[in-house]
Amino acid sequence: MHRPTGGPAPTDPPGTHPAGLPGVAPRIDPRVLTALLGRHGWHRTGGSGGLYTRWTPPGPAATPSLLVPTGLDLPDSHDLLAEALTALARTTVPSARAVLTALATPSDEIHWHRAPSATAGPAPWAAQDRLRTAARRTLLAAARAAHGRTGSPHPAALPDRNLAEAPGAPPDRNLAETFPGRALPGPSLLDHVLLATPPGDATALTAYLPVDPGRPVTERLHHALHATREAVDHQRATGRPDAFDTAVAAGAGRELTEALVALVHGTEGAAVALAWAPATGAPAGSAARPEPVEFTPGDLPALREAGARYRRARYSVPARVTGTVVRLGRTGPRGPGTVRLRVLTGAVTTHLRATLDEDGYRTAVHAHLAGVPLRVHGRLEVRGGRHHLTGTHDVAAVHVDDAERDRLTKTLDEDD
């Protein structure tokens, strides 16, 4: 592989390797390559000293080995790296693809594994589909928790007094919305995550999450998983669920507990393991080689109870909502009634329903006829994906100037 400096890089037939990998050999740190080889089951042979290390893949001994330099200061180090990458691209060893993927984009790895049930379970393709669904839900939960830590209130399972700032946040926000203002590749961060399954193994799945912008998500997931595991252990030992409240600070919440239930249900147990990108190393405060976090069917009652606890806290929050009345209705000429509001402030939703007593309903009628907004205090709840304001009180019309009233009137006409 000796060629003139600046000459064209050797090419391989299309499809033999990820685009451009052999050509990026000068940018690859041999220590990163050897760390990835070791992580994916390759074995180092020969002595520990010397200028080179030889690596053999798991499996048949006939598979060619790789010679990797220990540093980039050797005259032939770049050539050896290019040869090693080309060999990886051409080999049929399943783990080679994972190594090349991690080299192409520095990524943290998240591994899921499910132990199949001893009884007859679903077909392999169905089991893999369930695993992928649970994995995606896990990533989405971690992304939302990471967003909550960086400034926006995390709406999962905090006491009501901490939720008044952003009640009614939609539960199924995608990851692009979870990181507002970030230039994410694709419509969401999940579009930039590579999910890979070992050949013939429907019980395992690996996600490659690019360090930029995904490291906060991986780090948050690391802490949230361990906090959830500790909370489950605490509840099973004492019967008290209060540890789940403490776990919120680490990123635990309804989304994560429900994802873990989906992961474990129908199995003998499941585990989630993380591995940091070797090129960047572990973040501060995290173990360099985190232990897998395991959950069993015996943990399901605690996880389900925690999810219900989080849901009750998440979906019943005090709120002060201001909106324009777009619909009114009650069963008779007197008594309480229901109004539909187009939300202006106070809830992260466009419309909601509010149940009002007779005086409040009368105030809503006057606000609607006058073309002014209505301000209502109560508890914001989500049922079946719809937002409701219950326990309402202090219902009042909000007086606005003529220009604002005209604007609101036009808005109401557009809604109709």
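The table for this structure:
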item	result
In the range 92-137, residue modelled with the lowest pLDDT [restricted to those that are hydroxyl-bearing (S, T, Y) and either in the same structural domain as G266 (by TED's automatic domain parsing) or crowded, with 16+ Cβ neighbours inside 10 Å (or both)]	T119
Hits in the range 331-370 - residues which are farther than 15 Å from D394 by Cβ, charged (D, E, K, R) and touching a Leu at 6+ places or on another chain (Cβ under 9 Å)	R340, R342, R353
Condition met for R320 (free of Cβ contacts under 8 Å to residues at least 12 places away in the same chain and under 30 Å from D245 (Cβ atoms))	no
Sole residue being more than 26 Å from P94 (Cα to Cα) and surrounded by fewer than 16 Cβ atoms within 10 Å (Cβ to Cβ), chosen from R229, R220, R304, R254	R304
Qualifying residues in the range 347-377 (those that are in contact (Cβ under 8 Å) with a residue 60 or more places away in the chain and buried (at least 16 other Cβ atoms within 10 Å of the Cβ)) - the one nearest to R334 (Cα to Cα)	L352
Flag if D394 is over 17 Å from R353 (Cβ atoms) and modelled with pLDDT of 90 or more	yes
Residues that are surrounded by fewer than 16 Cβ atoms within 10 Å (Cβ to Cβ) and either farther than 20 Å from E381 by Cβ or among the charged types (D, E, K, R) (or both), drawn from the range 331-346	T331, G332, P333, R334, G335
R31 modelled with pLDDT under 85 and in contact with a Pro (Cβ under 8 Å, 6 or more places away or on another chain)	yes
Any chance T53 is surrounded by 19 or more Cβ atoms within 10 Å (Cβ to Cβ), in contact with a Lys or Arg (Cβ under 6 Å, 6 or more places away or on another chain) and not assigned by TED's automatic domain parsing to the domain that holds P198	yes
Filtered residue count, the range 280-309, keeping only those that are without any contact (Cβ under 8 Å) to a residue 60 or more places away in the chain and of a type in the set (F, W, Y)	0
Qualifying positions in the range 96-145 - outside any helix (DSSP H, G or I), within 16 Å of T206 (Cβ to Cβ) and not polar (S, T, N, Q)	P106, D108, E109, I110, H111, W112, H113, R114
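Residue-wise test of (1) in a helix (DSSP H, G or I); (2) within 19 Å of R311 (Cβ to Cβ); (3) of a type outside the set (S, T, Y).
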{"position": "A231", "(1), (2), (3)": "yes, yes, yes"}
{"position": "R236", "(1), (2), (3)": "yes, no, yes"}
{"position": "R240", "(1), (2), (3)": "no, yes, yes"}
{"position": "E255", "(1), (2), (3)": "yes, yes, yes"}
{"position": "L263", "(1), (2), (3)": "yes, yes, yes"}
{"position": "V272", "(1), (2), (3)": "no, no, yes"}
{"position": "T280", "(1), (2), (3)": "no, no, no"}
{"position": "S286", "(1), (2), (3)": "no, no, no"}
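The values are calculated or read from the model by the stated rules, or taken from the named source; none is laboratory data. All figures in this text were calculated on a predicted structure; none of them were measured in a lab. All Cβ positions, even for glycine, are placed from backbone atoms using ideal geometry, and neighbour counts span all protein chains on display.
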